[in-house]
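Only the coordinates and a few stated rules stand behind these numbers; no lab work does. Source: prediction; values computed, not measured. Here the Cβ positions follow ideal geometry from the backbone for every residue, glycine too, while neighbour counts run over all protein chains shown.
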Amino acid sequence: MQQRVENLSVIIITLNNEDEIADCLAAVRFAGEVIVVDAGSQDDTVNICQQYADKVIVNRPWPGFGPQKNVALSLATKPWVLSIDADERVPDTLQQEIVSVVCADSSEAPIAYKIPRRSSFCGKFMRFSGWYPDYVLRLFHREAAAFSQDLVHESIQLNHPNQSKQAVGKLKTPLIHYSIKTIDQARQKMYRYAELGAKNKWKNGKSCLAIRPFLSSAWTFLRTYLVQRGLFDGQHGLVLACLNAKGTFIKYHLLRRFNQHQHVPTCGIIVSTCNWPQGLARLLNSIERQTKCPDEVIIADDGSGQVTRDCIEAFQASSALTIKPIWQADDEAQATQVARIRNKAIAAANTDLLIFIDGDCVLPNDFVANHYCLAKRGHLNAGNRVMLSTAQTNEFLQSMPSESMPSTDWRGQVTLTLPQKIKQLYLPLGFFRDFFPRRWKGVKTCNVAIFRQDLLAVNGFDEGFTGWGYEDSDLVIRLYRNGVKRRAARFSASVLHLWHASNIDTQKAEHNRQQLAQTLASNTIKVTQGIDGHIAKVSVAKDCMDKDCMDKKGRD
C-alpha cells in the first residue's frame, strides 16, 4: 500500500458523480486525509466515497461552488490542502511533485502553488482555446487561504501576510481534467454556469445595458477562437467558441431579466395528465434531463387510476426533482374538469413562472432553459408542438430514455409541408418574438409559460368549461384583456407530441365552443368560477400544517 503523506489534506465536492468519483479518489490515496462534501447526490456517489475517503458529509441545499468548498476546507486538519474536482485526476508524476513540495522544510517556499491543467472536450484534449496550460491555484497552506463566496468560478484568496506573486509557485506536471464528455453535457454545463454567473452578478448589484449581451458574446467568440487560437483545435475549438459565446449571452441576458424583475424568478412545471402512465413516465424522464431543472413539478392528475399513481410515486422516490401530485377524482357525474385541476395546481404552486405542458408530450433538453430565458414580466411564452405519427410514437416509447434526446434527432423525421416548415423556423432575434402580441389562436396549454401573478389577476381558468378544449383559449383572451402580451417561443421551446387516440366528447366540446363565443362577445377579464376557492383551501391547509408543527414542538 502506498505510504500516505500525513501533512496533506485533499478536499473534493461532489454531486451525482458516481461514474467518475472512484477514479478521482483512487488517485489521491497518497494524501494523509481525504475529505468529500456532497451536495445531496441521488446516485451511488456517497457510498463510493465512503469506501475511499476519511470524511464524507452531505451539505445541502447547494450554497454555490465557493461556499461549498469553504465547508470542505473547514474540515481539513493537515497543514497543506489540495483542492480538486470529481472530474480531475492526479497522475503519478504530479503526485511525486506535490509530495516533494509539501514535505520540503523551507521558510522561503511559496505558500501556494498553481498547477497546469489538461482538459478534454468531447473526447479531445484541447491544446488551445484558453484551455491549456490553464494554470489553476489548487495547492496551498490551510491557514493561508480561503475560497471566495462566488456561486461559480470561485477563486482562492490568500490571506497570508506575504501575498506577493513570489508567494505563489508553479508546478510542472499537469492535472488531468475530464471536463466535458458529450455535447449535451457541454450545453448543460454552459447554461448552469451562465445562470449562476448571472445570479452572482445580480447579488453583487451589477447591471448591464441592452447591448451588453451581444457585444460580450461576440468578444467571447473572437477571444476563444482567434486570440486564444481555438481554430487550431479544429471543429472542437469552433464548437467550444460557440458555446462560450452563447453562455456569455445568456449570462448577461438573465442579468438584465433579474434586474427587471428585481429578484431571481423561480420556475415550475404544471403537467396535466389522465390515465397514460407510459407517456407520463417519458415526460418525467425528459424533465430530469433538462439543462435547467425546474424548482418544482406539479402533476395535475385529472382522475387517473392506480397505475398512474404508482408511476408518479416511483418518480417521487427516485428523482432529485421536487414532484408534487395534485389528485382529482374522475367523477362521471361532474365530468372531467381539466380547468379545475389546473387551478388547483396553480394554487399549490410556489414558483413565479409556471410552464404548462400535457402528459402526452416530451421535452427537448433545453426546453425549460429557453422558456426561462424568454420569460418577461407582463408576457406569456407561446410554444409550439411537433406531432409524431403513430409509428414514430411507438418507436419513441420503445427506445431507452437516454436515446430519446436531444429532440433534434426527431424533428428531422417529422414530415411537414414546406409552408409548415417555414412557419416553424427558429427566430433568433428577440424583437420578432413580440410580433402579434394579442394573437390567441394557437396558444395551447400543452406548451405555454405564464407568470403566476398574471394568472391570479384573472382568477385562473374558467371552471365553467368541462372536459378538454377551449379553456386555454378563454384564459389567453382574458390575460390579453388584462394587459398581458404574447411572446412567440416557436421552436426555441417546442415539445414533441406523442400520438394517442382522442377521447374528446363532442357534446362537451360544443358546450365549450359556445362558452368561448360568450367570452369573445363580452369584456370578461376575471371569472367567478376560478382559482379563488382553491387558494383559500391551500392557505387553510398550510395554516393547519403550521399549527400541527407548533403543537408537536410544544409536546416535544
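The figures follow:
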{"read-out": "³J(HN,Hα) computed for each position of the range 485-490 - Karplus, 6.51 cos²θ - 1.76 cosθ + 1.60, integer Hz, glycine/proline x", "value": "10, 8, 10, 7, 10, 4"}
{"read-out": "Entries of Lys199/Lys441; Lys203/Lys344; Lys203/Lys537; Lys203/Lys246 with Cα pairs more than 32 Å apart", "value": "Lys199/Lys441; Lys203/Lys344; Lys203/Lys537"}
{"read-out": "Extension gain, Asn350 back to Thr524 (0.36 nm per residue minus Cα-Cα distance, nm)", "value": "59.9 nm"}
{"read-out": "Estimated 222 nm signal from helices in the chain, with DSSP H stretches of n ≥ 4 weighted -39500 (n - 2.57), rounded to 500", "value": "-12000 deg cm²/dmol"}
{"read-out": "Loop-exposed chymotrypsin sites (Phe, Trp or Tyr not before Pro) per DSSP, neighbour cap 11 Cβ within 10 angstrom, longest uninterrupted part of the chain", "value": "1-425"}
{"read-out": "Modelled FRET efficiency - R0 41 Å, Leu215 with Arg439, Cβ distances, 0.05 increments", "value": "0.80"}
{"read-out": "DSSP beta bridge pairing in the chain, given as percent antiparallel to the nearest 5", "value": "30 percent"}
{"read-out": "Exposure rule at most 15 other beta-carbon atoms within 10 Å, DSSP loop GluC sites (Glu not before Pro): the chain longest free segment", "value": "333-556"}
{"read-out": "The chain, relative contact order [Cα under 8 Å, separation at least 6], %", "value": "11 percent"}
{"read-out": "C-alpha center-to-center spacing [the range 291-308, the range 208-222] in angstrom", "value": "38 Å"}
{"read-out": "Inter-label distance for Lys172 and Arg60, nm, one decimal - labels placed 7 Å from Cα along Cα-to-Cβ", "value": "4.5 nm"}
{"read-out": "For a label point 7 Å along the Cα-to-beta-carbon line of Arg127, residues of the range 170-194 with backbone N under 14 Å", "value": "none"}
{"read-out": "Amide proton proximity set for Ala31, modelled H, under 5 Å, gap of 5+", "value": "Val5"}
{"read-out": "Interchain or long-range residues, amide H under 5 Å from Lys324's placed H", "value": "Val297, Ile298, Ile299"}
{"read-out": "Two-site FRET efficiency, His261 against Asn7, from Cβ-Cβ distance with R₀ of 60 Å, rounded to 0.05", "value": "0.75"}
{"read-out": "Amide hydrogen neighbours beyond the local backbone of Val58, cut-off 5 Å, H modeled", "value": "Asp38"}
{"read-out": "14 Å cut-off, amide nitrogen to a point 7 angstrom out along Gln453 Cα→Cβ, residues in the range 460-501", "value": "484"}
